[in-house]
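Below is one structure, written out as structure tokens, with a few remarks after it.
The values are calculated or read from the model by the stated rules, or taken from the named source; none is laboratory data. Just so we're clear, the structure is a prediction, and the values are computed from it rather than from any experiment. Virtual Cβ from ideal backbone geometry, glycine too; neighbours counted across all protein chains shown.
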Amino acid sequence: MSTASRRPEFISAAMRTAFVLIFAWVAGSVAFAHPVAQGAMEVSAGRRAVAITARVSAEEELIAATFGAGESALASTSAMRESHAAYLLRHVFVEADGRRLRGRVISNGEGLGDGKLIGYKMEFPWLDGRVPRRLVVSQDVLNEFEFAPGNRWEATYLVHFVNVLGEGKAEAAVSLLTAREPLVFALGAGHEDRGGAGLARDYLYHGVWHILTGFDHLLFIAALALAAVTLRDLVKVLSVFTLAHSMTLVLSVLDILRVSSRLVEPMIAASIVFIAVQNVFHARASRGNGRLAIAFFFGLFHGLGFAGGLLDAMQGLGGLSVGLAIGAFSLGVECGHLGVVLPVFLVMHALRTPKVRPAIPLGVMRAGSCAIAIAGAGYFIAACQA
């Protein structure tokens, strides 16, 4: 067989291999999607006990009742409230100087909510009636329930720590409580105040995690990166996308702009399909001002999607803290973006070197975009049915 006759076969094999590898990566991203329920807590340390008021979303209640307590908890609103109060008591943990405290439910929703979140109050008396020096609060709410095989639910809470051990009422800096990292407070005079740096770190980490576990956003930016021919192309399209999603994120969190998730989620899914299909059938249109306009338009909806994970959790933050949290979260989102787009771009850039035939990078882009379009179509169907 001649060398010329082997070239098309080689190119076809390379395209098939690239398609399989990228499709496997896409499928892994889908399986790695990590659903999160947002809430808030107030931890109040007093002379006799620590009181925790947890304000949770209706989503959290419904998931725990459906997958945990079953039909009995779904019989009525009061049954669901009672069931979830007991559930929280089993999954919120308080340690005082290294010893686990036993708690009890004081109230299960009456007068503790804010119209959007449902309130539960628990009390954990000090052991031997003595105030400890060190308090540790942790939780594993919803972690036992699988959204998909190997993919568990998670709940996160914005925590206000209030120390009433001294005279008056002193509130420490706000923190973010996740299942991955407990919160530690020093009690008495000079209690630990994590300050703005602690809050910024929490939301920076939260932003990175939000992207790395949000396959819809990963698919979209991967499709953008596949079509970027030069570093300048990549920087321009990412800058426009960042500008757009930052605008709607801020407007939504500040309660200036609100759009129903019934519109936002299908539009995010549609953005994935649109960009991927354009890569396949109109490769030349995947560069230039037209692509920038499309990235900006869909970026507006992605920003609303980012905000959906912050709105409830950021209620109660002061003006400066809100700005700090939004800025740190946005920075975390961009760090997550770079962790995805740079490897994709570098691989594509290497394939575009003079040593590689031109048909190969084009084939890889189309194969990868086909896989992304298939995954995006599946997500669109699920979003429309939600």
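Structural remarks
- Residue count for the stretch 350-366, restricted to those that are touching a residue at least 24 places away in the same chain (Cβ under 8 Å) and part of a helix (DSSP H, G or I): 7
- Exclusive hit being more than 25 Å from residue 253 (Cα to Cα), touching a residue at least 40 places away in the same chain (Cβ under 8 Å) and among the hydroxyl-bearing types (Ser, Thr, Tyr), set 369, 321: 369
- Annotation: of all residues in the stretch 198-255 being basic (Lys, Arg) and closer than 30 Å to residue 353 by Cα, the one that is surrounded by the fewest Cβ atoms within 10 Å (Cβ to Cβ) is 232.
- Any hit, the stretch 251-267, residues being touching a residue at least 60 places away in the same chain (Cβ under 8 Å), closer than 30 Å to residue 320 by Cβ and in contact with a His (Cβ under 6 Å, 6 or more places away or on another chain): no
- Single residue of the stretch 343-359 satisfying the filter (at pLDDT 80 or above and among the hydrophobic types (A, V, I, L, M, F, W, C)) that is surrounded by the most Cβ atoms within 10 Å (Cβ to Cβ): 345
- Residue check, residue 196 modelled with pLDDT under 70, within 23 Å of the chain's Cα centre (by Cα) and not basic (Lys, Arg): yes
- Test: residue in the stretch 118-128 that is modelled with pLDDT under 85 and either assigned to a loop (DSSP other than H, G, I, E, B) or not assigned by TED's automatic domain parsing to the domain that holds residue 46 (or both): no
- A single member of 360, 326 is under 30 Å from residue 287 (Cβ atoms) and aliphatic (A, V, I, L, M), and it is 360.
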